[in-house]
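Worksheet: the structure to be examined is printed underneath.
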Amino acid sequence: MARYLITGVAGFIGSSLAHELLQQGHEVIGVDNLTAGDVHNLDGIIRDLDFRVMDVNETSRLRECCRGVDFVLHQAALASVPRSVRDPLSTHVANVDGTLSVLLAARDAGVSRVVYAASSSAYGNKSSQPKHEEMLPDPLSPYAAQKLAGEYYVRSFWHVYGLEGVCLRYFNVFGPRQSSDSPYSGVIAKFASEMLKGESPLIFGDGNQSRDFTSIDNVVSANLLACTTPAAEV
């Protein structure tokens, strides 16, 4: 069994990773400052989880959390395009400075690999389908630029320091524990919540719009495979 550190562990994706890893018998340390996360997402596992309320920019504390850790799953972020437009500075601190702090802590503690939650927003509004990694990035918001900067930091730390890293560009993730209350929630969570309350979901336009959605189960599987796949194949 391995030892994992999950940042943003009280969030939708972070908590889903924690539930799965603990079910598999792994040891999990989770950190979250609870700015965006919800501790209720950890119901049922909180006693089995080494949970620490802290910010990822507390590098010294994070370095101690990384001691003896095999893999870091970096999910912590302020994941909102509108919020990044409204407040680019604070989102930069969370998304860029926070990622650099995680990488420094992981490097200093001898972590084997960091898996980074990147974003499909890196592609911009390119019309060609399907999207693929060889496409040139075209970040069109502060959030997209911040998440893309994180990718470059992950890549540079592998090249310069030998800290292995994998970046996963998520596309509209949905599933259990996703909040429907936030104005930034995915449409599936909002529609499901409204229909469960007997309400009709509000659809803008003529209903012919389309988006790519990704099941949380696939995101969890991708993260775990990204940890264990040999580096030459990543």
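The values are calculated or read from the model by the stated rules, or taken from the named source; none is laboratory data. Note that the structure is a prediction, hence the values are computed from the model and not measured. Positions of Cβ are generated from backbone atoms using ideal geometry, with glycine treated the same way; all protein chains shown enter the neighbour counts.
Quick rundown of the values:
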{"item": "Test result for Gly14, modelled with pLDDT of 95 or more, of a type outside the set (Val, Ile, Thr) and under 21 Å from Val154 (Cα atoms)", "result": "yes"}
{"item": "Unmet criterion (only one of (1) over 26 Å from Met54 (Cβ atoms); (2) of a type in the set (S, T, N, Q); (3) within 15 Å of the chain's Cα centre (by Cα)) for Asn95", "result": "(1)"}
{"item": "Scope the range 55-83; condition modelled with pLDDT of 95 or more, touching a helix residue (DSSP H, G or I) at 6+ places or on another chain (Cβ under 7 Å) and farther than 24 Å from Leu224 by Cα; matching residues", "result": "Asn57, Thr59"}
{"item": "Every residue from the range 125-152 that is touching a helix residue (DSSP H, G or I) at 6+ places or on another chain (Cβ under 7 Å) and part of a loop (DSSP other than H, G, I, E, B)", "result": "Lys131, Met135, Pro137, Asp138, Pro139, Ser141"}
